[in-house]
Amino acid sequence: MTGSSEVPGFYRRSIAERRAFVREWAGLTEEEAQAYEFPPGIDPAMLDRMIENVIGVMPLPLGVATNFRVNGKDVLVPMAIEEPSVVAAASNSAKVARAAGGFAAQTTDPVMIGQVQILDVHDPTAARLRILDQKAALLAAANAKDPVLVKFGGGAKDLEVRLVDSDRGTMLVVHLLVDARDAGGMNAVNTMCEALGPEFARLAGGRVVLRIISNLAIHRLARAHATFRADLLKTETATGPEVVEAILDAYAFAAADPFRCATHNKGIMNGISSVVIATGNDYRAIESGAHTYAAWTGAEDGHVVRPLTTYEKDRDGNLVGTIELPIAVGLIGGATAVHPTAKANVKLLGVKSARELAEILAAVGLAQNFGALRALATEGIQRGHMELHARNLAASAGARPDEVDRVVAILLKDHQIRFDRAKAALEEVRRGG
């Protein structure tokens, strides 16, 4: 690398000029620089409007999970993710759930929380009541900022006032509860909070600091449940009832131990986040909300964190899985409304509302988690991962499409999934071995 990273006016340059600068600065070869090229069907100007200093794209594999039936409707699910086995696990899990009717899902109203932080309040308890006394007028003022949202049945619905102890003293925090309808809600909620901040401060007799949406959307929950028949879970080495018990043991581990729970919940988000990305929604917000919700609800039960799913055995010995978590996604605004791939994926899903999308996401999260637990409790998680990893190594070693399967077979047979072994295996294949 050469030169300084301080580049005045970099944002004013064209995409081609930025790309040329980056290539020279990093010493990229022509072949390496071609990785920044835009794929067909993607307008560079559109991407240049989405974020700053655009030089290219970072494509993720986009797969489709099959077999899903959610609330009686068949669904093909687009998933954008780089991790192997995720799409296959979701599809296989959905197939098992489908035998018992598929996934039943529901959502609460799409209510988001906007927070207004007020400091230096001398009488916070009384100030709380002063604000609540003006609730009707305050909600009306908030809704005046977004009459279109109100027209479609959304808008500010309620407000709460909390007293939060902190190292900086008692903070008065107003929660503005806004029904975002089919939007994620960030712009509407933030606008309302910023507009009402001065009036909250006047009523409280303090000063406003932060005015922003919260990603812990406890009022915007998505839930799903499914039955996984025991007779469909048997393996070469275990009966269906034994697999059910093994999954229950794995779930109990996650419920009891935060180190296991972190990975348990990560597996759930493997499924959810890949669909969130595929539809152009904010996966960072969904991830943050989900993991914070797991900690928040866990604390209520006296735990550090809790699994976002639960597993039980019904009277027939089948496994019943459930999931509940906040999912704040939208179909209007943001990348979902402008990115052509995101728009195509929304059409593929066939959803007409943000609530439908959230229901599918909950079903995918449950399916993904069941698939991971089933693999962990039986054959181990690495089998599927290693086969796909072996294929990547074969390709990296230079195997042609007609050689990949033979190289992979050698790697798996020898239980040596390494790049050096892939190169040696390729030589064996080409020697006719």
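The values are calculated or read from the model by the stated rules, or taken from the named source; none is laboratory data. This is a predicted model, so every value here is computed, not measured. As a convention, Cβ positions derive from the backbone with ideal geometry for all residues, glycine included, and neighbour counts pool all protein chains shown.
For the reader, a short list of remarks on this structure follows.
- Counted residues, segment 228-241 - those being modelled with pLDDT under 95 and either surrounded by fewer than 16 Cβ atoms within 10 Å (Cβ to Cβ) or not assigned by TED's automatic domain parsing to the domain that holds Leu319 (or both): 5
- Between Pro84, Pro59, the distinction of being touching a helix residue (DSSP H, G or I) at 6+ places or on another chain (Cβ under 6 Å), under 30 Å from Leu366 (Cβ atoms) and in a loop (DSSP other than H, G, I, E, B) belongs to Pro84 only.
- Sole residue being closer than 21 Å to Asn281 by Cβ and either exposed (fewer than 13 other Cβ atoms within 10 Å of the Cβ) or out of contact with any Ser or Thr (no Cβ under 9 Å at 6 or more places or on another chain) (or both), chosen from Leu47, Leu62, Leu76: Leu47
- Any hit, segment 9-16, residues being loosely packed, with under 12 Cβ neighbours inside 10 Å, closer than 30 Å to Ile272 by Cβ, without any contact (Cβ under 8 Å) to a residue 12 or more places away in the chain and among the hydrophobic types (A, V, I, L, M, F, W, C): no
- Residue check: Ala100 meets all listed conditions (1) in a loop (DSSP other than H, G, I, E, B); (2) among the aliphatic types (A, V, I, L, M); (3) modelled with pLDDT under 95 but one, namely (3).
- When Tyr293, Tyr251 are checked against the criterion of being closer than 30 Å to Ala136 by Cα, assigned by TED's automatic domain parsing to the domain that holds Leu349 and not in a strand (DSSP E or B), a single residue qualifies: Tyr293.
- Under the condition of being within 19 Å of Leu62 (Cβ to Cβ), out of contact with any strand residue (DSSP E or B) (no Cβ under 8 Å at 6 or more places or on another chain) and not in a helix (DSSP H, G or I), the residues counted in segment 332-371 number 2.
- Evaluation of Arg19 against (1) in contact (Cβ under 8 Å) with a residue 24 or more places away in the chain; (2) more than 15 Å from Ala278 (Cα to Cα); (3) not in a helix (DSSP H, G or I); (4) not assigned by TED's automatic domain parsing to the domain that holds Ala342 (one fails), failing number: (3)
- Single unsatisfied condition, Thr107 versus (1) crowded, with 18+ Cβ neighbours inside 10 Å; (2) of a type in the set (S, T, N, Q); (3) over 21 Å from the mean Cα position of the chain (by Cα): (3)
- Note on segment 296-327: residues that are under 14 Å from the mean Cα position of the chain (by Cα) and part of a loop (DSSP other than H, G, I, E, B) total 2.
- Members of segment 299-323 found to be under 18 Å from Gly271 (Cα atoms) and surrounded by fewer than 20 Cβ atoms within 10 Å (Cβ to Cβ), listed by number: Thr310, Thr322
- Qualifying residue in segment 399-408 (condition: in contact (Cβ under 8 Å) with a residue 24 or more places away in the chain, outside any loop (DSSP other than H, G, I, E, B), within 25 Å of Ser91 (Cβ to Cβ) and in contact with a Lys or Arg (Cβ under 9 Å, 6 or more places away or on another chain)): no
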